[in-house]
Amino acid sequence: MKPPPSPELTPEERAIYEWQMWVPGFGEEGQRKLKAASVLISRVGGLGGVVAYQLAAAGVGKLVLAMGGVVKASDLHRHLQQSHDRIGEPRLPAVVKRLRELNPRVEIVGIEENASEANADALVAQADVIVDAAPLFPERYALNRAAVQAGKPMVECAMFALEAHITTIIPGRTPCLRCLTPEPPPDWKRQFPVIGAVSGTVGCLGAMEVIKLVTGIGEPLAGTLLTMDLGSMRFRRHRVRRRAECPVCAHYSRSS
């Protein structure tokens, strides 16, 4: 089945994204593909909030943002769309407002729920590409399962203290999250050490992975886990493989 044509750009959009379209291999067609794309981001805090900000600025057509909870004082050093006067208020409305201010041409869908087994399928159904920026493994596993079953690519990114990692999961081609982490680490907790610049760094990388997936520019981290230690500025690429016994993707094929 032939995909529908990418939408035309308005004169305003051509002016806004002009420098971006100068990138070799990107051009107007890349911008039109971004305009046609929809992206789900699970959690838009210190990491996912940066993904959302960069994708809104780049001109992705639709962002679906899933995050519950209220603003806490401990959020403010990394949740860049929040403000001190919003402590105690719901987190998501401020993010939606700021992204609409940044780029009113982008459709923003805000869902004030964290991802879970109860809603993951419905969330994934709303987007072409999934970004997992959730801190807790039940959320991450739920999104992973739903993305694999739907055959949709998912950018998986996480950080802890001065370390971070990112990979791109393409169902039927690459390992899924359950292949990489079959069980949650026993010491993983809701609260963990974090510097905002570290989560922001991997957030920018996550946004770039989405742009590559949508436009075809560059080479996504498919089958490759990029790990980084920002304390020493050491970056490593690891080839990763699917697990034959993975309960999520072992029986998946691209024709599924």
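Couple of notes before you dig in:
- Of all residue pairs spaced 6 or more apart or on separate chains, those with beta-carbon atoms under 7 Å, a first member in region 125-146 that is farther than 15 Å from Val51 by Cβ and in contact (Cβ under 8 Å) with a residue 12 or more places away in the chain and a second member that is of a type in the set (S, T, N, Q) and crowded, with 23+ Cβ neighbours inside 10 Å are Glu139/Ser42.
- Check on Ala197, small (Gly, Ala, Ser), exposed (fewer than 13 other Cβ atoms within 10 Å of the Cβ), more than 15 Å from the chain's Cα centre (by Cα) and not in a loop (DSSP other than H, G, I, E, B): yes
- Single unsatisfied condition, Asp128 versus (1) farther than 25 Å from Gln20 by Cα; (2) surrounded by fewer than 21 Cβ atoms within 10 Å (Cβ to Cβ); (3) under 15 Å from the mean Cα position of the chain (by Cα); (4) among the charged types (D, E, K, R): (1)
- Pro175 being touching a Lys or Arg at 6+ places or on another chain (Cβ under 7 Å), over 22 Å from Gln54 (Cα atoms), in a loop (DSSP other than H, G, I, E, B) and not acidic (Asp, Glu): yes
- Cβ-Cβ under 7 Å pairs, at least 6 apart or on other chains, region 188-206 side under 21 Å from Pro153 (Cα atoms) and at pLDDT 95 or above, far side part of a helix (DSSP H, G or I) and not small (Gly, Ala, Ser): Gly203/Val50; Gly203/Val51; Cys204/Val50; Cys204/Gln54; Gly206/Val51
- Lone unmet requirement of (1) without any contact (Cβ under 8 Å) to a residue 24 or more places away in the chain; (2) of a type in the set (A, V, I, L, M, F, W, C); (3) surrounded by 21 or more Cβ atoms within 10 Å (Cβ to Cβ) for Val44: (1)
- Condition broken by Phe26, with the remaining ones in (1) more than 13 Å from the chain's Cα centre (by Cα); (2) surrounded by 22 or more Cβ atoms within 10 Å (Cβ to Cβ); (3) aromatic (Phe, Trp, Tyr) satisfied: (2)
- As a summary of the residue check, Leu80 satisfies the conditions (1) aliphatic (A, V, I, L, M); (2) over 15 Å from the mean Cα position of the chain (by Cα); (3) crowded, with 18+ Cβ neighbours inside 10 Å; (4) modelled with pLDDT of 95 or more except for the one numbered (4).
The values are calculated or read from the model by the stated rules, or taken from the named source; none is laboratory data. Remember, predicted model here, so these are calculated numbers, not experimental data. Don't worry about glycine lacking a Cβ; one is built from the backbone with ideal geometry, like all the others, and counts go over all protein chains shown.
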